[in-house]
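Have a look at the structure below, then the notes.
The values are calculated or read from the model by the stated rules, or taken from the named source; none is laboratory data. Since the model is a prediction, treat every value here as computed from it, not as a measurement. A quick note on method: Cβ atoms are made from the backbone with ideal geometry, for glycine too, and the neighbour counts reach across all protein chains shown.
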Amino acid sequence: MGSSDEKAGLTRRGAVGSLAALAAAPGLATAGTAHRPRKAPAPFLWGTATAAHQIEGGNVHSDFWLAENVKPTVFAEPSADACDSYHRYGEDIALAARLGFNCHRFGIEWARIEPEPGMFSMAALDHYKRVIEACHAHGLAPMVTYSHWTVPRWFAARGGFTQADSPDLFARFAERATKHLGDGISYASTFNEANIQRIAAILFAGGGDQLRQALTGMIGACAKASGSDRFSMVLFEPAERVEPQMVKAHHQAMAAIKAGPGSFPVGVTISMQAVEAVVPAAQARAEALRGALYGPWLDAAKGADFVGVQTYTRLRVGPDGIVPAPQGAEMTEAGYEFRPEALEDTIRYAAKVTGRPVIVTENGIATNNDARRIAYIDQALAGVKRCLADGIDLRGYVHWSLLDNFEWISGYKQKFGLVAVDRTTFRRSPKPSAVHLGQIARKGRP
Ligand code: BGC
């Protein structure tokens, strides 16, 4: 991408920029209910994950759209038409089903559903109803993310999740969306990678002053464009400014979603990377880093129906803090280590700490070499298999991502997709890895 953000030291940005028979969510009893014994083992979920802003295109009422288009910006390029999935969702869902999956993770976009405060778009809600119906028509369990980082521009302008009343506003959106869509949902999560500010703080630290200045310039430009001095984006806030409100928002939204209609498991997804001490003396430091990565979110997950584990790599910790990948280690296009084994570690950790069922809601690799994607998948799934063999309550594996898509501040350069998308014609071309994972999915258990 070679833009100013690259120079600003964003080389590790990929880590932050960087899941109808199942309709009744079989086998995953909801929090607060007696949930064992289950009658029959539920089918293992095999899916691909997407996010509204990264694939839909034309998300003009969102905070990210504004940030991508102001000057200065830290975005390599704007999302623009993305994969045009707002119109081509039927094609995407049919393709995922043809490949062999039984689950489809996607986001509903708050900025489309509530483009102005209190103004709910029936057309947008109907759109997502059609997406859900398309999933069922193709035998895919719809797994819905209520918030994948983007918020309405008006919400960002009034201070986003820094504001005390933000949980009420998010819960109001969750309630309205669920009223319209709940009947068809199979699984839901409130926030995608609720702990993202904590990961970002660690990864952006390498960007230094230049990055801080670039971000400040961009947020300042967004504030100016919205006539506000409080403009706030989830991805770029220090955790302490937004987290208390986000934790409340998660709980309030979860209650709103649980009010129905529909009766399906609701979880929260967490960015979880393996944390490894490189020498025994660094063990305490590694534990402290784990604490810093997750903050209150593993606790929040204890009250949810499942914890969504999202893993891409590992972090290595020495006595003085995070150390680089070992000399000669294979690196992905996202700038971090190729480390599929990390997933086994995070599944085990999430299951142990939360005591809740686990669903891998994201796991994947940015690469232009699809053979390496296949190798990554096979090695990650070997860990999944060991977890299942050890009796860990793991309910599914949802790969990031179905499509090559808008990778946040990196733009379109990083390819996480099982399916390539032509940037001009939007033609979808499944890669060998798509067929490979689809064949595994068809077999049922890993
Ligand atoms: C996010 C995705 C992102 C992926 C790859 C995850 O952190 O949920 O939106 O595209 O990582 O960077």
Response to the item:
Given (1) under 13 Å from residue 44 (Cβ atoms); (2) at pLDDT 95 or above; (3) in contact with a helix residue (DSSP H, G or I) (Cβ under 6 Å, 6 or more places away or on another chain); (4) not basic (Lys, Arg), residue 406 misses just (1)
Worksheet item: How many of the residues making up the range 355-372 are in contact with a Phe, Trp or Tyr (Cβ under 9 Å, 6 or more places away or on another chain) and part of a helix (DSSP H, G or I)?
Response: 1
Practice prompt. Being crowded, with 17+ Cβ neighbours inside 10 Å, touching a strand residue (DSSP E or B) at 6+ places or on another chain (Cβ under 6 Å), in a helix (DSSP H, G or I) and among the hydrophobic types (A, V, I, L, M, F, W, C) narrows it down to one of 254, 218, so name that one.
Written response: 254
Fill in: Residue that is surrounded by the fewest Cβ atoms within 10 Å (Cβ to Cβ), among those in the range 181-208 that are among the polar types (S, T, N, Q) and either part of a helix (DSSP H, G or I) or more than 12 Å from the ligand (Cβ to nearest atom) (or both)
197
Discussion item. Kindly evaluate residue 359 against the criterion of being buried (at least 18 other Cβ atoms within 10 Å of the Cβ), more than 22 Å from residue 189 (Cβ to Cβ) and in contact with a Leu (Cβ under 8 Å, 6 or more places away or on another chain).
Written reply: no
Practice prompt. Of the numbered conditions (1) over 19 Å from the mean Cα position of the chain (by Cα); (2) over 20 Å from residue 338 (Cβ atoms), residue 412 fails exactly one; give the number of that condition.
Written response: (1)
Worksheet item: In the range 60-73, what count of residues is obtained for those that are buried (at least 24 other Cβ atoms within 10 Å of the Cβ) and within 30 Å of residue 187 (Cα to Cα)?
Response: 3
Worksheet item: Only one residue in 327, 310 is surrounded by fewer than 19 Cβ atoms within 10 Å (Cβ to Cβ) and either farther than 27 Å from residue 404 by Cβ or under 18 Å from the mean Cα position of the chain (by Cα) (or both), so which one is that?
Response: 327
Worksheet item: polar (S, T, N, Q) and buried (at least 23 other Cβ atoms within 10 Å of the Cβ), is that true of residue 162?
Response: no
Worksheet item: In the range 221-234, what residues are assigned to a helix (DSSP H, G or I) and surrounded by fewer than 20 Cβ atoms within 10 Å (Cβ to Cβ)?
Response: 221, 223, 224, 225
Discussion item. Please go through the range 104-146 and give me each residue that is touching a helix residue (DSSP H, G or I) at 6+ places or on another chain (Cβ under 6 Å), under 19 Å from residue 169 (Cβ atoms) and of a type in the set (Val, Ile, Thr), ordered by number.
Written reply: 108, 113
Worksheet, complete the sentence: Residue count, the range 144-156, condition assigned to a helix (DSSP H, G or I) and crowded, with 22+ Cβ neighbours inside 10 Å, comes to 3
Worksheet item: Looking only at residues in the range 56-103 that are within 26 Å of residue 211 (Cα to Cα) and in a helix (DSSP H, G or I), which one is nearest to the ligand (Cβ to nearest atom)?
Response: 64
